[in-house]
1. So which pairs qualify, if the first residue must be in the stretch 236-251 and within 19 Å of I164 (Cα to Cα), the second must be in a loop (DSSP other than H, G, I, E, B), the Cβ gap must be under 8 Å, and the two must be at least 6 apart or on different chains?
2. Can you name every residue in the stretch 241-251 that is surrounded by fewer than 19 Cβ atoms within 10 Å (Cβ to Cβ) and in contact with a Phe, Trp or Tyr (Cβ under 7 Å, 6 or more places away or on another chain)?
3. Here are I19, I131, I47: which of them is at pLDDT 65 or above and closer than 30 Å to I234 by Cα?
4. Which of the following residues is at pLDDT below 75 and part of a loop (DSSP other than H, G, I, E, B): N80, N69, N85?
5. Within the group D120, D213, D109, D208, which residue is within 21 Å of I233 (Cα to Cα), of a type in the set (D, E, K, R) and modelled with pLDDT under 85?
6. Quick one: would you say N175 is closer than 30 Å to I234 by Cα and of a type in the set (S, T, N, Q)?
7. Considering each of S141, S97 in turn, give the residue that is closer than 18 Å to N174 by Cα and loosely packed, with under 12 Cβ neighbours inside 10 Å.
8. Can you pull out the residues in the stretch 90-148 that are of a type in the set (D, E) and under 24 Å from F166 (Cβ atoms)?
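The values are calculated or read from the model by the stated rules, or taken from the named source; none is laboratory data. None of these values were measured; they are calculated from a predicted model. Using ideal geometry, Cβ is built from the backbone for each residue, glycine included, and neighbour counts are taken over all protein chains shown.
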Amino acid sequence: MIKIFIITTFLVIVAIGIIVLVLVYQKKQLQYIGEKKQLKDTYEKEILESKLEIQEQTLKYISQEIHDNIGQALSLVKLNINTMNHGEPELLQNKISDSRQLITKVIQDLRDLSRSLNTDYIMESGLSKVIEYELGMIKKSGVFEVVLETQGDEYRLENQQELILFRILQESLNNIIKHSRATTISIRVLYEPRLFTLTIKDNGVGFDASQLDNNNYNKFGLGLRNMLSRAKIINASFKLTTTINEGTFITLTLPLETAKL
């Protein structure tokens, strides 16, 4: 009887232990599912916020381009038209010719602007092609010397990764054009089997690197913070180094699990 009691007690303890283990496992599983959902919700929220930021900046970019380039050209066309009733025939012909050239430029600027902002075009063409196109537009301005270096066997990234990387590049180029006083822009794209690297370098005025202690970008403008937050969304690292009067160097590295070959 004592043996039976001991065995029964032991079995009860084992059964209780198994039940406790099952309950603990279920609790851990529910906790894991909850944390996973929370991470997914956070990721989707960050993606949404990034998309909204991109849309807002896109609208500002369109407004600026229309005001600075397209608006100016159309104003000159209007001026030519308003003064066509006066002057010699030769002068009139020159105004007509100038107006045609300005209108042609406006049409081309609109095409360039549309292509640069079109996410479908970016996803269809691939990151490499749209980088070449973007740099080509900058080179046509005649203000900057542009250098593009590509190394490794090219492959496609995920659409979201390519789009965000391209928007970071655009933000960086915009900063260079507006603030750096640079004469040369150098872009390097490195394709490795498990790592994608994009570097952006200029020879502009730079700024005090001590202000970047611990990669604290909060004290800087929205542009830098946006680049950093976008890089985090796709799990890319963002590093900026700079020296006064020696320019700025940005490195984006993206670890890869798979790539579209």
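1. Going by the 8 Å Cβ cut-off, the qualifying pairs are L240/Y217.
2. Step one: filter the stretch 241-251 for residues surrounded by fewer than 19 Cβ atoms within 10 Å (Cβ to Cβ), giving 241, 243-246, 249, 251.
Within the stretch 241-251, T241, I244 qualify.
3. Values: I19 fails: closer than 30 Å to I234 by Cα; I47 fails: at pLDDT 65 or above.
None of the others qualify; the one that does is I131.
4. Numbers: N80 fails: part of a loop (DSSP other than H, G, I, E, B); N69 fails: part of a loop (DSSP other than H, G, I, E, B).
Going through N80, N69, N85 in turn, just one is at pLDDT below 75 and part of a loop (DSSP other than H, G, I, E, B): N85.
5. Values: D213 fails: within 21 Å of I233 (Cα to Cα); D109 fails: within 21 Å of I233 (Cα to Cα); D208 fails: within 21 Å of I233 (Cα to Cα).
Only one candidate qualifies: D120.
6. On the way: closer than 30 Å to I234 by Cα: yes; of a type in the set (S, T, N, Q): yes.
In short, yes.
7. Working: S97 fails: closer than 18 Å to N174 by Cα.
Unique residue meeting the criteria: S141.
8. Filtering the stretch 90-148 for residues of a type in the set (D, E) gives 90, 98, 109, 112, 120, 124, 132, 134, 145.
Listed by number, the residues that qualify are D109, D112, D120, E124, E132, E134, E145.
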